[in-house]
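See structure below.
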Amino acid sequence: QCLYQFLAFVPPSNGSLREPGTVAVMVDSQHPLSLLLNSSVGDGILCKIQYHFGEFGNYSLVVKTLNTTAQTVSCDLVINEGPINSYLPILFAFLIYMGILAILVVGRLFMKIDPVRNWVYKKLNLRETDRPINSELGSPNTTDAVSSDPTPRLWSTASRRRLRSLDTFRGLSLIIMVFVNYGGGKYWFFKHESWNDIRQLHLPPALTSRFVFIMGTSIALALGSMLRRGASKWRVLGKILWRSFLLILLGIIVVNPNYCLGPLSWDNLRIPGVLQRLGFSYLVVAALELLFTRAGADSGTVETPCPALKDILPYWPQWIFILMLEVIWLCLTFLLPVPGCPRGYLGPGGIGDFGNYPNCTGGAAGYIDQLLLGEKHIYQHPSSNVIYRTTMPYDPEGILGTINTIVMAFLGLQAGKILLLYKDQHKQIMSRFVIWGIGMGIISAILTKCSKEEGFIPINKNLWSISYVTTMSCFAFILLLLMYYLVDVKRLWSGAPFFYPGMNSILVYIGHGVFENYFPFKWKMRDSQSHAEHLAQNLTATTLWVIISYWLYRKKIFWKI
């Protein structure tokens, strides 16, 4: 529903020299386009062509007059030079990483040979690192009875005191986030979506949500661990407040995209942000868990009228609070009057919706941010301006969306409670994850009517709509289930290499932003239009952070907030 944008004026042909009027233009190859040819005399539409142009292709739109009196023409699209196969660099990169994986697998097989393993350990002085560390975790102990296999492994049984699947989950989300933030090889499907986009079901938009989800999971485990060790609630609350303050401060001062507008000052300081949202969501969910936690609830000793709901019923005050937050979001989103915009507007503004609401980007969400924070203190270059030509600043980490981020973290907290309540009962844990995943999926299907645009509430990461939260939670429960099964139950996978950045997540996230424009994470390219060069640079930078996190892990260096 976008307005047509002027592309070019085709000059008239020179009849005496029989030279056609020509004009050269460049068009986007990300989405299928509609080309509309209008007559310069009158407002008649001569022809309309819909086509998905290929990357670096060369095309001609040949227009011939068939009848001058009736103004009828023929429009034929001719391919002068076929588009390139821009996906070959991805194939080459995949083969390279598969080769590295094959070498590591062979090395692991050799490590199972006692003389080889003893020689390597002696030469390199290898020892397993295990200490309760970092960021969002304080994982419960797990027994080693899940596997009776006496075969020595690369990771010791001592490290099983920590649920490696949680660090692996976080590390996977973090590393893909780093790759996307570095440019993702300049492929359109690795970019952040413009508005309602089916790509919101996978890479870029799913990353932050999974990070929020696993943060909530870690809250349940960390608070439970501290309280079991005898820490007072006031002391735990102090740690929660301090950690939230540090996350918000780091987000405002260190990781602030408005630096591109010049030296940071109050005039252009962006107040919302990813770390700010993580810090505030952590504060609310952790404080909520601390306030309403009951002795014995996490161990399953509290009696409930329905044992099948023992991960929900003991925490009914928390659920009431979360539901109240969601009611607030719904009321503000659909009932708040926004000047110049229809009530309940969820669109991108700009040229979207036939250009009827150009200054209504995000509806109530955008209005609240501008009203409370000011236009200069929010994100100045939202992804919506790429396609929808929006001119208003809009912050995807704004105030209203933070409510649903809290809901997402609370659903992650629910996953953590399941791990605590059904400790070492692997079938129960996995079945609960399946049930929650299916339940979230059903809610999403109802809210969206299984469509991109026609549902009650579309899946939209910019708005952090409730359908986006339930959809991402569905995938998060299923992904956590798979990792828990592979890493902690069957031990078919150690979690490497994602486990290591997951153990130093805050350091990697802040570090990749601070050193983004420094060598060897970035260098001058010979061809800035080459996917191969961009992909090589972005993958190199991302791999370096994996290597750095592994080195830090071996040296027992962990940045804990």
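The values are calculated or read from the model by the stated rules, or taken from the named source; none is laboratory data. Being a predicted model, the structure only gives us computed values, none of them experimental. Here the Cβ positions follow ideal geometry from the backbone for every residue, glycine too, while neighbour counts run over all protein chains shown. For the accessible areas, the whole protein counts, side chains as well, though only heavy atoms, and no ligand, DNA or RNA atoms are used. Shrake-Rupley method; radii C 1.70, N 1.55, O 1.52, S 1.80 Å.
List of remarks:
- Residue match in the range 391-399 (condition: surrounded by 22 or more Cβ atoms within 10 Å (Cβ to Cβ) and either touching a Ser or Thr at 6+ places or on another chain (Cβ under 8 Å) or polar (S, T, N, Q) (or both)): yes
- Whenever a residue of the range 157-175 is closer than 20 Å to Phe433 by Cα and acidic (Asp, Glu), its partners that are modelled with pLDDT of 75 or more and part of a helix (DSSP H, G or I), lying with C-beta atoms within less than 8 angstrom and at least six residues away or across chains, give the pairs Asp167/Phe499; Asp167/Gly502; Asp167/Met503.
So that you can scan it fast, the table gives a plain yes or no per residue for (1) assigned to a helix (DSSP H, G or I); (2) in contact (Cβ under 8 Å) with a residue 24 or more places away in the chain; (3) open to solvent by less than 30 Å² (accessible area, probe 1.4 Å):
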site	(1), (2), (3)
Tyr345	no, no, yes
Ile351	no, yes, yes
Phe354	yes, yes, no
Ala365	yes, yes, yes
Asp369	yes, yes, yes
Gly401	yes, yes, yes
Lys417	yes, yes, yes
Gln428	yes, no, no
Gly437	yes, yes, yes
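- Criterion (open to solvent by less than 50 Å² (accessible area, probe 1.4 Å), at pLDDT 90 or above, among the small types (Gly, Ala, Ser) and in contact with an Asp or Glu (Cβ under 9 Å, 6 or more places away or on another chain)) met by exactly one of Gly502, Gly511: Gly502
- Residues located in the range 23-56, provided they are modelled with pLDDT under 90 and in a loop (DSSP other than H, G, I, E, B): Asp28, Ser29, Gln30, His31, Pro32, Ser39, Ser40, Val41, Gly42, Asp43, Gly44
- Total residues in the range 449-469, condition assigned to a helix (DSSP H, G or I) and open to solvent by 10 Å² or more (accessible area, probe 1.4 Å): 1
- Taken over the range 371-380, the criterion of being open to solvent by less than 70 Å² (accessible area, probe 1.4 Å) and in contact (Cβ under 8 Å) with a residue 40 or more places away in the chain is satisfied by Leu373, His377, Ile378, Tyr379, Gln380.
- Residue, farthest from Phe189 (Cα to Cα), within the range 47-61, restricted to residues that are open to solvent by less than 50 Å² (accessible area, probe 1.4 Å), in contact (Cβ under 8 Å) with a residue 24 or more places away in the chain and touching a strand residue (DSSP E or B) at 6+ places or on another chain (Cβ under 8 Å): Cys47
- So Val73, is it in a strand (DSSP E or B) and either touching a residue at least 40 places away in the same chain (Cβ under 8 Å) or within 16 Å of Gln529 (Cβ to Cβ) (or both): no
- Of all residues in the range 249-283 being open to solvent by less than 20 Å² (accessible area, probe 1.4 Å) and part of a loop (DSSP other than H, G, I, E, B), the one that is modelled with the highest pLDDT: Pro272
- Selected residue (only one of Ala286, Ala231 is at pLDDT 80 or above, more than 24 Å from Gly401 (Cβ to Cβ) and open to solvent by less than 40 Å² (accessible area, probe 1.4 Å)): Ala231
- When the range 76-117 is filtered for residues that are in contact with a Ser or Thr (Cβ under 6 Å, 6 or more places away or on another chain) and either among the hydrophobic types (A, V, I, L, M, F, W, C) or not in a strand (DSSP E or B) (or both), only Val78 remains.
- Flag for Leu481 being modelled with pLDDT of 95 or more, part of a helix (DSSP H, G or I), crowded, with 16+ Cβ neighbours inside 10 Å and assigned by the TED database to the domain that holds Gly416: yes
Results for (1) farther than 20 Å from Ile478 by Cα; (2) among the small types (Gly, Ala, Ser), shown as yes or no for each residue.
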site: Gly362; (1), (2): yes, yes
site: Ile378; (1), (2): yes, no
site: Lys417; (1), (2): no, no
site: Phe433; (1), (2): no, no
site: Trp436; (1), (2): no, no
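- Test result for Thr405, crowded, with 21+ Cβ neighbours inside 10 Å, under 18 Å from the mean Cα position of the chain (by Cα) and among the β-branched types (Val, Ile, Thr): yes
- Residue selected from the range 545-561 under the condition open to solvent by 50 Å² or more (accessible area, probe 1.4 Å) and of a type in the set (A, V, I, L, M, F, W, C), by the criterion nearest to Pro497 (Cα to Cα): Ile547
- Picking from residues in the range 9-44 that are of a type in the set (A, V, I, L, M) and loosely packed, with under 11 Cβ neighbours inside 10 Å, the one that is nearest to His192 (Cα to Cα) is Met26.
- Of the listed requirements (1) hydroxyl-bearing (Ser, Thr, Tyr); (2) open to solvent by 30 Å² or more (accessible area, probe 1.4 Å); (3) outside the structural domain of Gly441 (by the TED database), Thr542 misses just one: (2).
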